[in-house]
Amino acid sequence: MLSRRSAEIAARFGARAESYEQHAGLQRAVADHLARLLPDFERPSVLELGCGTGLFSRHLVKRYPEGRFILTDAAPAMIAECRRNLAKLGASRISYEVMDAGEAGGHAELDLIAASMTLHWLPDPNAALERLRRLLAPQGVLLYATLGPESFAEWREVLASESLPSGLPDIKKLPGVVEEERLVPDQDALSFLRRMKAVGGLTPREGYVPLSPGQLRRAIHAADDRFGGRITWHVVYGRLTP
């Protein structure tokens, strides 16, 4: 059963499942980057957390044609889109589960656990990673891509300097980081916010009081004036073993 917080996030993403990939260019690029780090396995048992519409799942089934896959997401609508997208590839040996990534379990001796742009939604990513490591086979690998602690630094700075509340979560450092990059996909602050909304990514942290229209306009103008509207995504890529 999903927690209230997980159910809220799942509902927001699920409501945009059918149009998600039209606005998920950054998430697609991250999935492509993460795929370059996939280990060499012949017939792995694979668990993916937060499969979404299958942006990374497609890499998995292409890389491991003899693999067995358990693809999971907290949003049933996302799983339905993933199933449709992978059906076009003729992929087999796949099962789908509605699963809260922060409470993942029920499987063991997995060769590969993967999560692309999922961990930052969890209340305690470090604890989740430690739990997941215990599900790995002795030679297994846990691979992830997620937001790093420097994400959206410009937006955070603007809100603080304008004495405005922030709904952005605090992002902690994670173990096993092997690569990182900084991406600026949007030309101005309004485009950044529209991107977040279009992919269901505006679920604020608990207790957040949304900005009024006037406050939001003030923050957008300040970000455009101080930083040219450029908001940075800090993405980290990690690899862990048992």
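The values are calculated or read from the model by the stated rules, or taken from the named source; none is laboratory data. Since this is a predicted model, take the numbers as computed values, not measurements. Here the Cβ is made from the backbone with ideal geometry for all residues, glycine too, and neighbour counts use every protein chain on show. With ligands, DNA and RNA removed, areas are computed over all heavy atoms of the protein, side chains included. Shrake-Rupley method; radii C 1.70, N 1.55, O 1.52, S 1.80 Å.
Some observations on this one:
- Separation between Cα centres of segment 86-111 and segment 47-70, rounded to whole Å: 8
- Accessible surface of the chain, 1.4 Å probe, proportion on carbon and sulfur as whole %: 50
- Cα shape, segment 58-169, gyration tensor, a/c 1.5 rule: prolate
- Extent along principal axes [Cα atoms of the chain; Å; largest to smallest]: 54, 33, 32
- Looking at segment 1-95, the GluC sites (Glu not before Pro) that sit in a DSSP loop and have at most 10 other Cβ atoms within 10 Å of their own Cβ are Glu42, Glu66.
- Of all aspartates and glutamates in the structure, the ones whose alpha carbon falls short of 13 Å from that of Lys173, not counting any fewer than 8 places away in one chain, are Asp124, Glu150.
- Gyration tensor verdict on segment 1-50 (Cα atoms; rounded if a/c is under 1.5, prolate if a/b is larger than b/c, oblate otherwise): oblate
- Restricting attention to the chain, close to 40% of DSSP beta bridges with both partner residues there are antiparallel.
- Directionally averaged projected area (convex hull, Cα atoms, segment 42-120), nm²: 4.7
- Contact order normalised by residue count of segment 23-165, Cα under 8 Å, 6+ apart, percent: 24
- Residue-averaged 222 nm ellipticity for the chain, from DSSP H runs of 4+ at -39500 (n - 2.57), nearest 500: -10500 deg cm²/dmol
- Solvent-accessible area per residue for the chain (1.4 angstrom probe, square angstrom): 48
- Here the contact order of the chain, divided by its residue count and restricted to Cα pairs under 8 Å and six or more residues apart, works out to 22 percent.
- Among the trypsin sites (Lys or Arg not before Pro) in segment 73-178, those located in a DSSP loop and surrounded by at most 16 other Cβ atoms within 10 Å of their own Cβ are Lys88, Arg93, Arg134, Lys172, Lys173.
- Qualifying chymotrypsin sites (Phe, Trp or Tyr not before Pro) for segment 149-242 [loop in DSSP, other Cβ within 10 Å: at most 14]: Tyr208
- Global form of segment 116-223, assessed from the alpha-carbon gyration tensor, a/c cut-off 1.5: prolate
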